[in-house]
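To keep things clear, I will list the structure first and then write my remarks on it.
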Amino acid sequence: MIGEEYQGLKPCGPAPNCFCSTDSIEDDPEHNIPAWTWPADVKSKEEAFIQLQDVVNSYKPGQGNIDGGGFKIIKFDSSSGYLYAQFEALKNGYIDDVEFAAMGGDNIVQVRSSSRVGYLDFGVNAKRLNYIAKGLRAKGWDATGVDFKVHPDYAMQNQVQ
């Protein structure tokens, strides 16, 4: 590989069904969201990822009419700062991938939520990230959700507001 090795989560493709904080805002503003940061009173990456795991585990399948098939945390490693979960649609059993990884500096968590199949997601990834971000903000995190004003193409194509 020539040049610097890529440090980030898997980039989103062209479809409006993915958000990723390691996608470049200059190159891909429709898919980019800000990384999340845990508060200064959280003393370690391990503690931060345990909080994150608690918030993900409190996720209510079916909220906002999404993820009615539930979810499962596939990999969790608080010492390295990584959580990978799969969320399932109720009707068709579609699986979406959600990842959180500590990378890019102190207190920073990179975020990715993406549909595996299909072109549109009908707002599912945005709703899911907004739900988790809200739970983390209640714990003092700086966790920006998906703002449809910042992602107008996503909102228009997926018919969400």
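The values are calculated or read from the model by the stated rules, or taken from the named source; none is laboratory data. Values in this document were obtained by computation on a predicted structure and should not be read as measured data. Here the Cβ positions follow ideal geometry from the backbone for every residue, glycine too, while neighbour counts run over all protein chains shown. These area figures cover heavy atoms from the full protein model, side chains too; ligands, DNA and RNA do not enter into them. Shrake-Rupley method; radii C 1.70, N 1.55, O 1.52, S 1.80 Å.
Okay, here's what the table says:
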{"quantity": "Cβ-derived FRET efficiency at R0 35 Å, residue 138 paired with residue 44, nearest 0.05", "calculated": "0.95"}
{"quantity": "With every protein chain in place, the chain: carbon and sulfur % of accessible area (1.4 Å)", "calculated": "52"}
{"quantity": "Solvent-accessible area per residue, Å², over segment 34-161 with all protein chains present [probe radius 1.4 Å]", "calculated": "51"}
{"quantity": "Cβ-placed point charges (K, R +1; D, E -1), dipole of segment 71-161 about Cα centre in debye, nearest 20", "calculated": "280"}
{"quantity": "Kirkwood Rh in Å, taken over all unlike Cα pairs in the chain", "calculated": "15.9"}
{"quantity": "Inter-centroid distance (Cα atoms) of segment 85-137 relative to segment 35-55, Å", "calculated": "17"}
{"quantity": "Proximal lysines to residue 10, defined as alpha-carbon separation beneath 18 angstrom and excluding residues fewer than eight positions away on the same chain", "calculated": "75"}
{"quantity": "Filter on 91/134; 43/149; 45/91 - keep pairs with C-alpha separation over 32 Å", "calculated": "43/149; 45/91"}
{"quantity": "Cβ-placed point charges (K, R +1; D, E -1), dipole of segment 7-101 about Cα centre in debye, nearest 20", "calculated": "380"}
{"quantity": "Lys, Arg +1 and Asp, Glu -1 on Cβ, resulting dipole of the chain about Cα centre, debye, nearest 20", "calculated": "700"}
{"quantity": "Percentage relative contact order, the chain, counting C-alpha pairs under 8 Å, at least six apart", "calculated": "27"}
{"quantity": "Extreme residue, positive dipole direction of segment 1-94, given options 89, 31, 21 (C-beta unit charges)", "calculated": "89"}
{"quantity": "Viscosity 0.692 mPa s, 37 °C: Kirkwood-radius Stokes-Einstein D of segment 28-110 over Cα pairs, µm²/s", "calculated": "237"}
{"quantity": "Residue-span extension gain [residue 80 to residue 147] - 0.36 nm each, minus C-alpha spacing", "calculated": "21.2 nm"}
{"quantity": "Amide N of segment 50-91 lying under 19 Å from the label point, which is placed 7 angstrom from the Cα of residue 120 along Cα→Cβ", "calculated": "64-68, 89-91"}
